[in-house]
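Derivation of every value follows stated rules applied to the coordinates shown; laboratory data play no part. If you're wondering where the values come from, they're calculated on a predicted model, not measured in any experiment. Note that we place each Cβ from the backbone using ideal geometry, even for glycine, and neighbour counts take in every protein chain shown.
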Amino acid sequence: MWAWLFFGAYTLALTTASLMPGADMPAISYNDKVAHFAAYFLFAAVAQALPLTSRHLRFLIPGIALYGLMLEGCQGLLLSLIHISEPTRPLYI
């Protein structure tokens, strides 16, 4: 039960951290890529500790990869909504 609670808390924290808007995000750097790798590596390690059958475990890593892709899509959607909602910023099509 504790493994599921920790997994849920980590998922919520990762989602929140991934979707929080940053103030003037810097260009992608090496440290950013290392942080992303470490966060998702830990996510996979936490998920692997869940009491799952071997049948369910084979969907674990692809599921985490799809979750990461979904978060990337949500980030792009949120960024476009933020840019549209700024009245002083001109829209470029």
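In order along region 54-60, the Karplus-derived 3J(HN,Hα) couplings, from 6.51 cos²θ - 1.76 cosθ + 1.60 at θ = phi - 60°, round to 4, 5, 7, 5, 5, 9, 5 Hz, and Gly and Pro are given as x. Close amide-amide hydrogen proximity is noted between Ala49 and no other residue 5 or more places distant or on a separate chain, at a cut-off under 5 Å (H modeled in the peptide plane; Pro and chain starts excluded). Placing a pseudo-label 7 Å from each Cα along the Cα-to-Cβ vector at Leu52 and Leu77 gives an inter-label distance of 2.3 nm.
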